[in-house]
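Following: one structure in structure tokens, then a few remarks.
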Amino acid sequence: MASGSEHQNSERSAQEAAARELADRFWEDLLVLDPLIGTEIGDDRYDDRMPDPSEKGLARREEVHRRALEDLNAIDRAALGVDLRTTLDVLEAIARRQLNDLALRIDRFQAVTHLFGPGNLLAVLGSLQRADTAERAEKYAARLAAFPAYLEEMGKVAMEGARLGQTQPAIVVDRAIAQVERLLDLPPESSPGIEPAKEASDAHRERVGEVLRESVWPAYARYLETLRGYRRSARDSIGLVDLPNGEEIYAALIKAFTTLPLDPREVHGIGVEQLERIQEERQQIADRLGHPDAAAAIAERNASGKNAAASRRELVRLAEEQVQRSWDAAPTFFGRLPRANCTVRRSKSSGRRTCPWPSTTRIARTARDRGSTTSIPVTFPSAPSTSWPE
């Protein structure tokens, strides 16, 4: 019995070691493939890099995710504890989604979009990346210097999609064009791109400004011309089903976001049903408030000034209340919870912007086991010029 038990423990230890090795390697591979992930979580090792959207980059991406799934198949997940099993389940979901995206060339949509697309990238970096030391400033300048190659490849991806008929709706293209136009209307030194260097030395701040002026702005001007050329191929319809393989893409995206093999028509039916229920609830609320309909109730609320924060401090307080309500409700939805709730902080980079810009309020989660704090920007629908809620 002892010998059998020792063998069982030894086998479990081997499986656990293999699982940890795979998870660690996969995470490092992800950070190399998508270095912006590292920037977002505070790991600045790859802050001088951009993702590689070229054919070579896509091939490397496919290699990483296929290898991860192959190695995953060699691990007996039943022998693992719940934490490692969950980790590998997440790994599998990520790898399968990435491979589906590659097979269906979802990157052709990502190359032309106002939602977290190339035109919004400087604003994202302005909120996330730090360049307050010599080393960080040099990394940031190197990342900015990589923008021309990145935008050129994204333009190639976009035009390939236009040639093959895998295009974005005209309304999305128009918004992407307008987004880049607004960015280029700004002096580089007043743009989101300079934000990370606000606390850098004068020399490093000037270096960042120089790269923005001489490299990034001309690259965005060329990308803008690509978008204008792409506009001629944009489709009038909005739904993916109007594309040659639209139903397959739609189903794959549903699987990616829900992990469930749901039929698109079933999802649409659920949405219609829920929308009807929401409209009924809106009317009930309007009735209780003494208004004929929801539109009248909202108009009265807006006119009263109660639907907007009176100050930045009030906006932070609102975010704090929302975060706390979410935390209080979390146990009814999830069996496993984080060790600590998020905290809300007002960013130093507050103020109005004239181009799409992540909100200046952040949520920070304290990683107690790592002794660090990660700040995550929170977008409010009222943020100036932000088109995400659209």
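Things worth noting here:
- Antiparallel content of DSSP bridges confined to the chain, in %, to 5: 90 percent
- Computed over the Cα atoms of the chain, pair by distinct pair, the Kirkwood hydrodynamic radius stands at 24.1 angstrom.
- Axial C-alpha extent at least 30 Å, average Kyte-Doolittle at least -1.0 - helices from the chain (DSSP): 2-33, 82-104
- In this Cβ point-charge picture (+1 for Lys and Arg, -1 for Asp and Glu), region 153-240 has a dipole of about 480 debye about its Cα centre.
- Here's how it looks for T113: its modeled amide H is under 5 Å from those of G119, which are all 5 or more places away or on a different chain.
- Gain upon complete extension [E281, W327; 0.36 nm per residue less C-alpha separation]: 14.1 nm
- Whether region 84-224 is rounded, prolate or oblate, judged on the alpha carbon gyration tensor where a/c under 1.5 counts as rounded: oblate
- Ranked by how many other Cβ atoms sit within 10 Å of their own Cβ, fewest first, the residues M159, M50 fall in the order M159, M50.
- Summarised as an ellipsoid, region 3-128 has semi-axes of 34, 16, 12 Å, derived from the eigenvalues of the Cα gyration tensor scaled by 5 and square-rooted, with the largest first.
- Rg(Cα) / (2.2 N^0.38 Å) computed for region 164-266, rounded to two decimals: 1.53
- Ranked by how many other beta carbons lie within 10 Å on average, peptides 99-110, 265-276, 77-88 from highest: 99-110, 77-88, 265-276
- Taking amide H atoms as placed 1.01 Å from N in the peptide plane, the amide H of T343 lies under 5 Å from those of A364, R365, T366, each 5 or more residues away in sequence or on another chain.
- Only helices enter this figure: runs of n ≥ 4 DSSP H residues, each worth -39500 (n - 2.57), summed and divided by the residues of the chain, yield -19500 deg cm²/dmol at 222 nm to the nearest 500.
Where a number appears in this text, it was derived from the coordinates with a stated rule and is not lab data. The structure presented is a predicted model; accordingly, all values stated were derived computationally and were not measured. Glycine also receives a Cβ, built like all others from the backbone with ideal geometry; neighbour counts cover every protein chain displayed.
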